[in-house]
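Structure record follows, encoded as structure tokens.
All of the numbers you see were taken from the coordinates with simple rules; none came from a lab. Since we're looking at a predicted model, the values are computed, not measured. All Cβ positions, glycine included, derive from the backbone under ideal geometry; neighbour counts span all protein chains shown.
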Amino acid sequence: LVLCPASRSIHTVCIGRCEKILYRFVGILALIAGIIEIMLGYMASAFALSEGVHSLADSAADFYGTRIARKVGKNRKEERSIRKSGSRVIATMLVLAVFPILWEMWQRYQGSSSPIATIMILAGFIAVIINLSRYAILEQAQGRSFISTREDLIDHAKTDVVHGFYLLGAGMIFYLFGGVWQETTMLYIDLALSFGVVCYILWRAWKIVARH
């Protein structure tokens, strides 16, 4: 089956429009997750707050995906270079998310406030549900047609799901052993987990750039 130029043009426009709608939708989901995690993390855990900042960075990346799709729609011949430069911007957004996380870690260390297990569990549960939905939606769309920009965003959503489970697990461990461990021990574990998020964000940013 060979499409005539006019039919191919209409098909391309439809794909581009659907791509932009998809990125906006998952971007809103990431934004909701980020706001909730930051609010709960501010009260309870540097790790939860770090995940919230990470989700906001992913939300910005999702919304930037609509800009990439718009550029590609206007200039199909330059699609590869547009998506390559767009992936670099997405990676930069991830790197920028590191700075507020490090700042919050320093503030928590100076204040010596220990994490609150129950709120961490709640934040982790919400993060898993929302980000699992993002991942499933993007993965389903990718199964119908492969797009490199979407592949970058799938990686983001996948890692958010994993980190949500980490947050949920950490909250449960703190809940079970909080009565045994000293508050400073729980604080140091919380900060170590936050630093783990920082390292992972930097690694993922590098992988995105290296892939393109």
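Region 66-84 to region 135-212: how many Å between their Cα centroids?
Here the answer is 29 Å between Cα centres.
What residue among Asp155, Asp62, Asp190 has the largest mean-square fluctuation in a Gaussian network model of the chain, using Cα springs under 10 Å?
Answer for the Gaussian network model of the chain: Asp155.
As a test of the definition: which semi-axes, in Å, follow for region 46-121 when you take the square root of five times each eigenvalue of its alpha carbon gyration tensor? Largest first, please. Numbers along the way, then the final one.
Details: eigenvalues 265, 30, 8 Å².
Three semi-axes, in Å: 36, 12, 6.
Quick one: putting +1 on the C-beta of Lys and Arg, -1 on the C-beta of Asp and Glu, what dipole do you get for region 116-174 around its Cα centre, in Debye to the nearest 20? Walk me through the numbers on the way to the answer.
Details: 4 positive and 5 negative charges, 25 e Å.
The calculated dipole for region 116-174 is roughly 120 debye.
Taking the Cα centre of region 56-212 as origin, sum charge times position over the Cβ atoms of Lys and Arg (+1) and Asp and Glu (-1), and report the length of that vector in debye to the nearest 20. Intermediate values should be presented prior to the final figure.
Values: 18 positive and 12 negative charges, 231 e Å.
Dipole size: approximately 1100 debye.
What angle do you read, to the nearest 10 degrees and between 0 and 90, between the alpha-carbon axis of helix 46-74 and the longest principal axis of the chain?
The angle comes out at about 10 degrees.
Please report the net charge: other residues with Cβ closer than 14 Å to the Cβ of Gly169, K and R +1, D and E -1.
Values: positive: none; negative: Glu51, Asp190.
Once all neighbours under 14 Å are counted, the net charge is -2.
Helix 148-177: angle to the longest alpha-carbon principal axis of the chain, degrees 0 to 90, nearest 10?
Approximately 20 degrees, to the nearest 10.
State whether region 59-171 is rounded, prolate or oblate according to the following rule on the C-alpha gyration tensor (a ≥ b ≥ c being the square roots of its eigenvalues): a/c under 1.5 gives rounded; otherwise a/b larger than b/c gives prolate, and the remaining case gives oblate.
Working: a/c = 4.01, a/b = 1.79, b/c = 2.24.
Taking the square roots of the gyration eigenvalues as a ≥ b ≥ c, region 59-171 is oblate.
Where a ≥ b ≥ c are the square roots of the eigenvalues of the C-alpha gyration tensor, would you call the chain rounded, which needs a/c under 1.5, or, failing that, prolate if a/b is larger than b/c, or oblate? Before the final figure, lay out each step's value.
Details: a/c = 3.23, a/b = 2.37, b/c = 1.36.
Prolate, because a/c is 1.5 or more and a/b exceeds b/c.
How far, in degrees from 0 to 90, does helix 5-44 lean away from the longest principal axis of the Cα atoms of the chain, to the nearest 10?
So the helix axis and the longest Cα principal axis differ by about 10 degrees.
Can you give the helix-only mean residue ellipticity at 222 nm for the chain, where every DSSP H stretch with n ≥ 4 adds -39500 (n - 2.57) and the sum goes over all residues, rounded to the nearest 500 deg cm²/dmol? List each step's numbers first, then the result.
Numbers: 7 runs with 188 residues, N = 212.
About -31500 deg cm²/dmol.
Using a 10 angstrom cutoff on alpha carbons, build the Gaussian network for the chain and name the most mobile of Leu49, Leu191, Leu96.
Per the Cα network of the chain with a 10 Å cutoff, Leu96 tops the list.
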